[in-house]
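*Asks:* Here it is: the structure, laid out below.
Readers should treat all values here as calculations from the given coordinates under stated rules, not as data from a laboratory. Since the structure is predicted, the reported quantities are computational estimates derived from the model, not experimental observations.
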Amino acid sequence: MNTKRINSTAYSLKEATRKLEGYCAYQERCHKEVTTKLRDMDMIPIAIDEIIGHLIQENFLNEERFACSFARGKFNIKKWGKNRIVNELKQRDITKYNIKIALKEIDAEIYLETLEQLAEKRVGQLTETNVFKKRKKVADYLLYRGWESPLVYEITKRLIP
């Protein structure tokens, strides 16, 4: 039995290009997202390459801009640390060069202030009385969010003596 879905809509090159221009104009996208979208539209590889080339040429698609926007957004809104941001960008096949540029978007002073605020907030939420368990819970919370181990352990020791 054939389980491949049948796409009832066939797109011409022009239609697909217009649809993807809107897709990219709505929010920043990476090449991987656009390629996946085009494959879901059942576009052939030659058409995918042509559309992606057009999107790059017309500046609808820019990996450096995507990486910078992603890093800023995840840090400012979700309070992610650099490790988590780097891992997420790697999953999207962003180059090391673009990742490096994206991390420069995060101000070092604000980065440390945010870590401090997150740690203090988490310490306040915990009712644990055992110092070591409390430190571990705070550390696990911060490490999960992608903060660097040396920073996390330093701040947990300072906040929970």
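*Asks:* On a full-extension model of 0.36 nm per residue, what is the gain between I44 and R158, subtracting their alpha-carbon distance, rounded to one decimal in nm? Intermediate values should be presented prior to the final figure.
*Replies:* Working: separation 114, 0.36 × 114 = 41.04 nm, distance 5.72 nm.
Value of the extension gain: 35.3 nm.
*Asks:* Looking at this model, which pairs from K78/K134; K37/K79; K37/K96; K79/K134; K96/K133; K19/K82 are more than 26 angstrom apart at the alpha-carbon? Before the final figure, lay out each step's value.
*Replies:* Values: K78/K134 23 Å; K37/K79 28 Å; K37/K96 24 Å; K79/K134 21 Å; K96/K133 37 Å; K19/K82 33 Å.
Listed pairs above 26 Å: K37/K79; K96/K133; K19/K82.
*Asks:* Once fully extended, how much extra length lies between Q27 and N83, figured as 0.36 nm per residue of separation less the alpha-carbon to alpha-carbon distance? Walk me through the intermediate numbers first.
*Replies:* On the way: separation 56, 0.36 × 56 = 20.16 nm, distance 2.35 nm.
The Q27-N83 span can extend by a further 17.8 nm.
*Asks:* Using just the helices of the chain, give the 222 nm mean residue ellipticity in deg cm²/dmol: DSSP H runs with n ≥ 4 each add -39,500 (n - 2.57), and the total is spread over all residues, rounded to 500. Each step should come with its number before you reach the end.
*Replies:* Numbers: 9 runs with 112 residues, N = 161.
Theoretical 222 nm ellipticity from helices: -22000 deg cm²/dmol.
*Asks:* To continue, here is another question. Can you give the convex hull volume per residue for the Cα atoms of the range 63-103, as a whole number of Å³? Don't skip to the end; give the middle numbers.
*Replies:* Values: hull volume 2.1 nm³, N = 41.
Convex hull of Cα atoms, per residue: 52 Å³.
*Asks:* How much length would be gained if the chain were fully extended between R72 and E105, taking 0.36 nm per residue of separation minus their Cα-Cα distance, in nm to one decimal?
*Replies:* Working: separation 33, 0.36 × 33 = 11.88 nm, distance 0.63 nm.
Value of the extension gain: 11.3 nm.
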